[in-house]
2 protein chains.
Amino acid sequence: MEKMDEGVRSRSRGGRRAERPQQRDPERTRASILAAATREFAENGIGGARVDAIAERAGTNKRMLYHYFGDKEQLYLAVLEEAYVDIRTAEKSVNLSGLAPEQGIAELARFTWRYFLQHPEFLSLLGTENLHRARWLRQSTRLKELHSHFIGELSDLLERGKAKGLFRTDIDPLNVYLTIAALSCFYISHQYTLSTIFGRDLMEDANIVAWERHIIEATLASIRR
Amino acid sequence: MEKMDEGVRSRSRGGRRAERPQQRDPERTRASILAAATREFAENGIGGARVDAIAERAGTNKRMLYHYFGDKEQLYLAVLEEAYVDIRTAEKSVNLSGLAPEQGIAELARFTWRYFLQHPEFLSLLGTENLHRARWLRQSTRLKELHSHFIGELSDLLERGKAKGLFRTDIDPLNVYLTIAALSCFYISHQYTLSTIFGRDLMEDANIVAWERHIIEATLASIRR
DNA sequence: TCACAAAGTAACCGTTTAGTTACTGGCTTG
DNA sequence: CAAGCCAGTAACTAAACGGTTACTTTGTGA
């Protein structure tokens, strides 16, 4: 995952099938360009990302990048789409319907926090996208149709909680989702300025564990009767 | 505040003193470059910002920009420093020591939310700075010394609240500050992707009012016994 | 088997970009 | 009042950049 530089070429040293080393591999080339672009855009934003740098990181030629993706902006869109597809796919593996209301909310918060923690590049792309007022997200019909199923699951959890008298009756699912997302996203995406200003490393294990507990507690506290 | 294009030049049509139109005005030129740079960096990030665009927006020449600020990066640093000085100055106008603990927390949350709402360029600069892992913030001794006095005021409020038996005793002031900042910052800086995905304009008056109430309620709920 | 399409390379191109040079005009002070 | 410094302008430059052209290599199916 670290060194992409020899990516495509190295296939010749032992491909899937020994009798045909297969020096060419369109899918692999495309995938390695996409992975390299994800890193480059996440690290530098769209204005700071360099097409040459992406090609080099992918271990391929700049020509291939234009061959598979058209231009820099379409490549960025492909990166953004992949990032959204990935999180939506991961979300589907979470099943909240069998859990008690409070446990369900906690599980949803835990998943969101941990996913963001493991995919900082997604948060970075989100930041870039918002800097540009969601220009590419709005442009992409595919992305606009890619809804999170969390809002639905959350509505269900809240209804069950309300019926049991556990939760306040004036709670909006979107508010709960935004609360979880805000507490998770901000802590990670602003870790550098925060750690510098407060002189405390927010990414220390103990602090990470404490903040996870805080997200869950604060979210539940805000919806309990 | 809107049209900077004629900035410096227009001084000749009536300066402070009629007898000396004063075509030159270093301070004004410097200030208009700084204001233009703030907008340009906030809108495009550091990689997307254009030196020529800043000069044009400032209604001056590119040479002046290098004359007053050295180069693009130092100009960015000046913009960042000014933004931090501005918020720290505004914070000082808030006096919480005379308020009851719950009212004090509410006031602090209200101030933070409203300041972010009125200064989205500050949030944008923060995002840019974090994208680059606080490279300029860490570099600037001036900025590292520019602490928020809110943490101190907050500690005091929390102590008083604990003494009265209102608040939990295991509360960390930094956690409370991060909670308020996260709920405020995320909603505003991610408004574009969120509004697009959820098909609801987060910046509608009613939604803004509701979220302010939510920030205050959620923060208080998370610290009450 | 060979023609043709697709995969891949490297050198190139016009434009944009940050930064500079060489200059003009005005303000201040010795 | 002149000398010299500072504010300001416009045209320039070298390098970086996104994107293209012209070409080679490889796999495949008529």
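Within segment A:50-76, the residues that satisfy the criterion of being crowded, with 17+ Cβ neighbours inside 10 Å and either in a loop (DSSP other than H, G, I, E, B) or more than 12 Å from DNA strand D (Cβ to nearest atom) (or both) are A:Arg57, A:Ala58, A:Gly59, A:Thr60. Restricted to segment B:98-216, the set of helices (runs of 4 or more DSSP H) holding at least 2 residues that are closer than 27 Å to A:Glu217 by Cβ comprises B:101-118, B:120-131, B:150-163, B:173-189, B:191-198. The one condition from (1) touching a residue at least 60 places away in the same chain (Cβ under 8 Å); (2) not assigned by TED's automatic domain parsing to the domain that holds A:Leu183 that A:Asn61 does not meet is (1). Given B:Leu117, B:Leu131, B:Leu77, B:Leu125, which one is more than 23 Å from A:Arg50 (Cβ to Cβ) and modelled with pLDDT of 95 or more? The unique qualifying residue is B:Leu117. Consider segment A:77-121 and keep the residues that are under 10 Å from the mean Cα position of the chain (by Cα) and of a type in the set (Gly, Ala, Ser). The one that is surrounded by the fewest Cβ atoms within 10 Å (Cβ to Cβ) is A:Ala90.
Scan segment A:198-209 and tell me whether some residue there is within 12 Å of chain B (Cβ to nearest Cβ) and among the β-branched types (Val, Ile, Thr). No, segment A:198-209 has no match at all. Restricting B:Leu137, B:Leu174 to those that are within 10 Å of another protein chain (Cβ to nearest Cβ) and more than 30 Å from A:Ala49 (Cβ to Cβ) reduces the list to B:Leu174.
Looking at A:Leu166, A:Leu194 in this structure, which one is within 9 Å of chain B (Cβ to nearest Cβ) and modelled with pLDDT of 95 or more? If you could, list the steps in order and put the result at the bottom.
Details: A:Leu166 fails: within 9 Å of chain B (Cβ to nearest Cβ).
Step by step, each of A:Leu166, A:Leu194 is checked, and only A:Leu194 is within 9 Å of chain B (Cβ to nearest Cβ) and modelled with pLDDT of 95 or more.
Which residue out of B:Gly104, B:Gly98, B:Gly127 is closer than 29 Å to B:Glu212 by Cα and within 14 Å of another protein chain (Cβ to nearest Cβ)? Give the steps one after another, and end with the answer.
Details: B:Gly104 fails: within 14 Å of another protein chain (Cβ to nearest Cβ); B:Gly98 fails: within 14 Å of another protein chain (Cβ to nearest Cβ).
Of the residues listed, the single one that is closer than 29 Å to B:Glu212 by Cα and within 14 Å of another protein chain (Cβ to nearest Cβ) is B:Gly127.
Taking each residue of segment B:165-180 that is on the phi > 0 side of the Ramachandran plot and looking for partners that are assigned to a loop (DSSP other than H, G, I, E, B) with beta-carbon atoms closer than 9 Å, six or more apart or interchain, yields B:Gly165/B:Arg225.
The values are calculated or read from the model by the stated rules, or taken from the named source; none is laboratory data. All values derive from a computational prediction rather than experimental measurement. As a convention, Cβ positions derive from the backbone with ideal geometry for all residues, glycine included, and neighbour counts pool all protein chains shown.
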